[in-house]
Amino acid sequence: MRIVHVLPYPMSRPGGVQSNARDLCAWLDRTGHETRIVSPDAHAAQGPGEISLGRAREMSVHGTGSEVSVAGPLALRRTARALRDWGAEILHLHTPWTPLMPWQLWRRMGLPTVATFHATLPETDAPGLEDRYIAWAAKAFHRRLDALVVPSAAPQAQWRRLGVAPLPEILPPTIDLSDWRAGDLGGARRPGPFRVIYLGRFEARKGVDVLLKAWAQRPAALQGAELVLAGRGELPGLLPEGARLVQSPDRAEAIRLVAEADVSVAPAGYGESFGLVLIEAMAAGTPPVAAANAGYATVMTGEGAELLFSAGDAGALAAKLAELAQAPERIARLTGWARNHALRFDVSRVGPEYVRLYERVLSARS
């Protein structure tokens with residue numbers, strides 16, 4: 001098959017949706033299929049099989065970074081023609097309610113189309129304009145697309161509240177865990193104090209403020225501990241004592257930092273549909289302490305539930321970290337669980353499910 005993935009976010013910007021698409025396409029290419037990735041990356045260097053279409057402008061929605069993109073008519077015609085000449089058979093849209101370029105290409109191509117809706121929106125009794133727009137867009141896409149996918153039961157619940165039928169099917173994101181597993185220290189602990197790492201964007205939705213508050217009120221068991229804050233953006237406050245900042249680490253450095261930590265922390269309070277950062281940490285041999293938002297809770301099952309804390313509760317996070325700092329045997333047990341659990345989500349396990357989905361959609365259209 002020849003499959004085109006269309007993203008509303010630049011591939012040059014780090015993010016879970018981008019890594020999901022890149023890992024899935026690389027696996028598809030290795031297994032005999034052919035892929036292209038189209039994203040609004042004007043003037044950015046393109047990777048193999050990546051096509052730039054349109055320009056993107058950053059904005060903030062529900063406390064997280066996003067983009068609005070648009071493609072000019074000439075560039076749109078050229079790209080659609082090139083993809084048809086290449087032999088494109090199916091489109092895979094990612095978070096297509098993010099306007100505008102993916103809609104433009106989808107309408108011009110007229111191909112069988114699968115869409116993954118990655119986001120889980122915060123629940124509210126008084127939805128704003130953004131929420132009402134997303135609800136309208138979701139229903140519109142539900143009527144027109146060949147298959148809809150969500151990463152877990154958390155975002156599927158949103159569709160249930162919209163009253164659509166049938167519900168989108170659940171397929172977890174695709175993650176190539178090979179380099180994360182290669183970074184695993186295999187139980188050999190580095191010398192030094194207990195170390196905690198946060199890896200991700202420094203933005204409101206990711207709960208960095210909760211982590212900083214937790215670190216400021218950490219109990220005696222954490223007084224000699226280290227906190228590594230690795231990511232992109234500006235911290236929502238001063239760097240606390242016992243913490244160090246690593247701005248925009250590349251992939252190799254990020255893997256090393258996670259693998260060398262005793263635990264990772266994912267404090268996002270809302271808006272998570274799955275939790276790629278959790279699976280990556282697990283594969284590197286580092287158990288993740290995670291906020292019990294709807295998406296993370298779908299990943300942290302079984303023994304992993306021990307690592308959840310109440311979302312937004314800095315005191316609960318500090319207490320959880322202190323418990324683990326004093327229980328190396330517990331960390332060792334949870335690390336073993338994490339390594340095995342992560343393998344369930346490797347692209348080698350999940351990729352074939354996407355192939356079957358594409359084949360089903362193509363068969364239904366023929």
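Flag not set for E253, criterion: among the charged types (D, E, K, R), more than 18 Å from D209 (Cα to Cα) and either part of a loop (DSSP other than H, G, I, E, B) or under 14 Å from the mean Cα position of the chain (by Cα) (or both). Can you tell me which residue in the stretch 1-38 is least open to solvent (accessible area, probe 1.4 Å), limited to those that are charged (D, E, K, R) and over 20 Å from G54 (Cβ atoms)? This residue is D23.
Taken together, the residues in the stretch 315-326 that are of a type outside the set (D, E, K, R) and in contact with a Lys or Arg (Cβ under 9 Å, 6 or more places away or on another chain) amount to 6.
Scan the stretch 282-328 for residues that are open to solvent by 40 Å² or more (accessible area, probe 1.4 Å) and under 19 Å from the mean Cα position of the chain (by Cα) and the total you get is 6.
Mind checking whether some residue in the stretch 259-279 is closer than 19 Å to L222 by Cα, part of a helix (DSSP H, G or I) and either of a type in the set (A, V, I, L, M, F, W, C) or without any contact (Cβ under 8 Å) to a residue 40 or more places away in the chain (or both)?
no
Which pairs turn up if I take residues in the stretch 81-98 that are closer than 16 Å to Q18 by Cα and look for partners that are of a type in the set (G, A, S) and part of a loop (DSSP other than H, G, I, E, B) with beta carbon separation below 7 Å, at least 6 apart in sequence or on another chain? Listed by first residue and then by second, the contacts come to T95/A119. The single condition among (1) outside any loop (DSSP other than H, G, I, E, B); (2) open to solvent by 40 Å² or more (accessible area, probe 1.4 Å); (3) over 23 Å from A325 (Cβ atoms) that L167 does not meet is (1). Mind checking which residues of the stretch 170-184 are surrounded by 15 or more Cβ atoms within 10 Å (Cβ to Cβ) and assigned to a helix (DSSP H, G or I)? Selection gives W180, R181, G183. Does the stretch 118-126 contain at least one residue that is in a loop (DSSP other than H, G, I, E, B), at pLDDT below 95, buried (at least 22 other Cβ atoms within 10 Å of the Cβ) and of a type in the set (S, T, Y)? Yes: the stretch 118-126 contains one or more residues that are in a loop (DSSP other than H, G, I, E, B), at pLDDT below 95, buried (at least 22 other Cβ atoms within 10 Å of the Cβ) and of a type in the set (S, T, Y). Would you point out the residue of the stretch 65-102, among those that are in a strand (DSSP E or B) and open to solvent by less than 20 Å² (accessible area, probe 1.4 Å), that is modelled with the lowest pLDDT? That would be S66.
The values are calculated or read from the model by the stated rules, or taken from the named source; none is laboratory data. Just so we're clear, the structure is a prediction, and the values are computed from it rather than from any experiment. No Cβ is skipped: glycine too gets one built from the backbone with ideal geometry, and neighbour counts run over all protein chains shown. Remember, those area values only see protein heavy atoms, side chains included, never the ligands or the DNA or RNA. Shrake-Rupley method; radii C 1.70, N 1.55, O 1.52, S 1.80 Å.
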